[in-house]
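Notes for the one structure printed next.
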Amino acid sequence: MRSVDYVATCNAGLEEIASREVRRLIGSKPKKLHEGAIAFRGKPRDMFLLNYCSRSLHRIILCLWKGRFSDLGDIYRKIRKLELSEYIAQNQSFAVVAERLGEHDFTSVDLAATVGKAIIDSYRASKGVRLKVNLDSPDVCFRCEARENHLWMGIDTTGESLHKRWYRKFSGKAPVKSTIAASMIMLSEFRYGETLLDPFCGVGTIPIEAALLAQRKAPNQNRSFAFENLEFLDLDYFEALKQRLRARERKLKGKIEGIDIASDAIEQARANARAAGVRIRFRRGDATRIGLSCDRLVSDLPFGIRTSPHNLRELYAKFFSNLARCEVKQTVLLTTRWKWVFEDWGEVKQVYEVDHGGIRAKILVLE
Ligand SMILES: C[S@@+](CC[C@H](N)C(=O)[O-])C[C@H]1O[C@@H](n2cnc3c(N)ncnc32)[C@H](O)[C@@H]1O
């Protein structure tokens, strides 16, 4: 089977973790394309496994063109040369979603319009048919992104971003993105049978992602994918793949636990875990006082939504002195107050800077 080019988007700053996951899933070796995007080669059917099973990716694009460009006219000529009839049927509609970053003399709307015109002209030249545009609910969605003088363009195989998991019935006040949560669990090197604790669990995202991983449950089940509209794919293979993956699921071994001081968060975490079909022990408790011993402690620390800055500083100090008294193999924390972690804890092994809902945050793997 021939190989194709892929671009996958992920959390900016976590390209290395996304690359490792792609390598584990399909054996390909991705390279960072730009902040929040990696590029790699694979088989067309790899898009099924990547979409269904990846825990750290947001979107998987079947890349049709990538490289340098000089201006909009150049982009038009490059896309106009593509042979698109194998990807989109004559009666299917399409849309183009464009993004750009850097200094350009055009807007993202201009970019989308240029790429759209090139797609229409290319298709008309090869098939004699004018493709229909449908911006609200297209059969096929093309995506392109210009970063300075580099552009990639391809077919979105995902649809709604993969970070939107089906089990999120409650989002709480400051939920961590599921793909950041899953990346933190991967960084903790959590293994099947080990204990994992999130002592500031909110609506339970980290413990739920850990349980899905431990039980080998696909994180992106119970949803549809944009690739289901692509007529050149063998969707029977996807159905068979889902059955094979379901047969590999296993029962939870080891204990996964979530603790939060707010009883409404605990109620919501329990409801989310029920929706995810995983069994986790959620209970109310104060992370500055309870025993924290476990194999992996993975947590998204409070950043001041319910707490005043003064109390927050004290909470960090108390939490780290509690943590120092406990036995934990590996601790991975997400925080916007990383200075306090350095002050209270000292050395950290690894640091990843991420965008946490529009706020600059860091994932810290503690020594
Ligand atoms: C940033 S949020 C965690 C969000 C969570 N990762 C999620 O996805 O919903 C921090 C949480 O810490 C909780 N919290 C604050 N002080 C606490 C304490 N002393 N002990 C335990 N939980 C606490 C808050 O109630 C809040 O739910």
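Starting at the first residue of region 85-99, write each ³J(HN,Hα) from the Karplus equation 6.51 cos²θ - 1.76 cosθ + 1.60 with θ = phi - 60°, in whole Hz, x for Gly and Pro.
So the Karplus estimates, Gly and Pro as x, are 5, 7, 9, 9, 7, 4, 8, 8, 9, 9, 9, 10, 10, 10, 10 Hz.
Take every Cα pair under 8 Å in region 4-156 that's 6+ residues apart, average their separations, divide by the length, and report that relative contact order as a whole percent.
Working: 284 pairs, mean separation 38.1, N = 153.
Rounded, it is 25 percent for region 4-156.
Arg325 to Arg24: FRET efficiency via 1/(1 + (r/R0)^6), r the Cβ-Cβ distance, R0 30 Å, to the nearest 0.05? Display every interim value, and only then the final one.
On the way: r = 35 Å, r/R0 = 1.18.
According to the calculation, E is roughly 0.25.
I need to check one value: relative contact order of the chain, counting alpha carbon pairs closer than 8 Å and at least 6 residues apart, in percent. Could you put the intermediate results ahead of the total?
Working: 751 pairs, mean separation 57.3, N = 367.
It rounds to 16 percent for the chain.
Which of the GluC sites (Glu not before Pro) across region 163-236 are loop residues per DSSP, with 15 or fewer other Cβ within 10 Å?
Numbers: sites: Glu189, Glu194, Glu209, Glu228, Glu231; in loops: Glu189, Glu194, Glu231.
For GluC sites (Glu not before Pro) across region 163-236 that sit outside H, G, I, E and B with at most 15 neighbouring Cβ atoms in 10 Å, the list reads Glu189, Glu231.
When averaged across all projection directions, what area in nm² does the alpha-carbon convex hull of region 220-282 cover?
The number I arrive at for region 220-282 is 5.9 nm².
Given a 10 angstrom Cα cut-off, can you work out which residue in Ser70, Ser183, Ser108 is the most mobile in a GNM of the chain?
Answer for the Gaussian network model of the chain: Ser70.
So who's got an amide H within less than 5 Å of the one on Glu99, skipping anything under 5 residues away but keeping other chains? H placed 1.01 Å off N, in plane.
Long-range HN contacts for Glu99: Cys144, Glu145, Ala146.
When only DSSP loop residues count, what GluC sites (Glu not before Pro) in region 314-349 have their Cβ near at most 15 other Cβ atoms within 10 Å?
Working: sites: Glu314, Glu327, Glu343, Glu347; in loops: Glu327, Glu347.
In loop regions of region 314-349 (DSSP not H, G, I, E or B), the sparsely surrounded GluC sites (Glu not before Pro) are Glu327, Glu347.
If you fit an axis through the alpha-carbon atoms of helix 108-127 and take the longest principal axis of the Cα set of the chain, what angle between them do you get, 0 to 90°, nearest 10?
Compared with the principal axis, the helix lies near 50 degrees.
Cα atoms only, region 266-331: Rg and Dmax in Å?
Every Cα atom of region 266-331 included, Rg and Dmax give 13.8, 39 Å.
Given 25 °C and 0.890 mPa s, how large is the Stokes-Einstein diffusion coefficient of region 4-156 in µm²/s, with Rh as the Kirkwood radius over Cα pairs?
Stokes-Einstein gives a translational diffusion coefficient of 154 µm²/s.
Please work out the Cα convex hull volume for region 307-367 and give it in Å³ per residue. Don't jump to the answer; show the numbers that get you there.
Numbers: hull volume 5.2 nm³, N = 61.
Each residue corresponds to 85 Å³ of Cα convex hull volume.
Using only Cα atoms, tell me the angle between helix 15-26 and the longest principal axis of the chain; keep it within 0 to 90° and round to the nearest 10.
70
Out of residues 5 or more away from Ile256 or on other chains, whose amide H comes under 5 Å of its own, with H placed 1.01 Å from N in the peptide plane?
Leu196, Arg281
Please find, in a Gaussian network model of the chain (springs between Cα atoms separated by less than 10 Å), the residue of Ala214, Ala113, Ala273 whose mean-square fluctuation is greatest.
Ranking Ala214, Ala113, Ala273 by mean-square fluctuation puts Ala113 first.
Restricting attention to region 171-278, which trypsin sites (Lys or Arg not before Pro) occupy a DSSP loop and are surrounded by at most 16 other Cβ atoms within 10 Å?
Lys173, Arg191, Arg216, Arg223, Arg248, Arg250, Lys251, Lys253, Lys255
Taking amide H positions as placed in the peptide plane 1.01 Å from N, state which residues far from Val133 in sequence (5 or more) or on other chains have amide H under 5 Å from it.
Phe94
What accessible area per residue comes out for the chain, rounded to a whole number of Å², with a 1.4 Å probe?
Details: 16840 Å² over 367 residues.
Accessible surface, normalised per residue, equals 46 Å².
Report the net charge of residues surrounding Tyr192, where surrounding means a beta-carbon distance below 9 angstrom and charges are Lys +1, Arg +1, Asp -1, Glu -1. Numbers along the way, then the final one.
On the way: positive: Arg191, Arg216, Arg250, Lys253; negative: Glu194.
The answer is +3.
When the convex hull of the Cα atoms of region 149-218 is projected onto a plane and the area is averaged over all directions, what value comes out in nm²?
Numbers: hull surface 28.3 nm².
For region 149-218, averaging the hull's shadow over all directions gives 7.1 nm².
Compute the length gained on full extension between Glu347 and Asp121: take 0.36 nm times their separation in residues and subtract their Cα-Cα distance, giving the result in nm to one decimal. Numbers along the way, then the final one.
Working: separation 226, 0.36 × 226 = 81.36 nm, distance 5.80 nm.
Here the answer is 75.6 nm.
Using bins 20 angstrom wide from zero, how does P(r) for the chain break down, in % of all Cα pairs?
Bin by bin from 0 Å, the calculated values are 28, 51, 21, 1.
The values are calculated or read from the model by the stated rules, or taken from the named source; none is laboratory data. Quantities reported herein were computed from a predicted structural model and do not represent experimental measurements. Don't worry about glycine lacking a Cβ; one is built from the backbone with ideal geometry, like all the others, and counts go over all protein chains shown. Ligands, DNA and RNA are stripped out before the accessible areas are found, and what is left, the full protein with its side chains, is counted by its heavy atoms. Shrake-Rupley method; radii C 1.70, N 1.55, O 1.52, S 1.80 Å.
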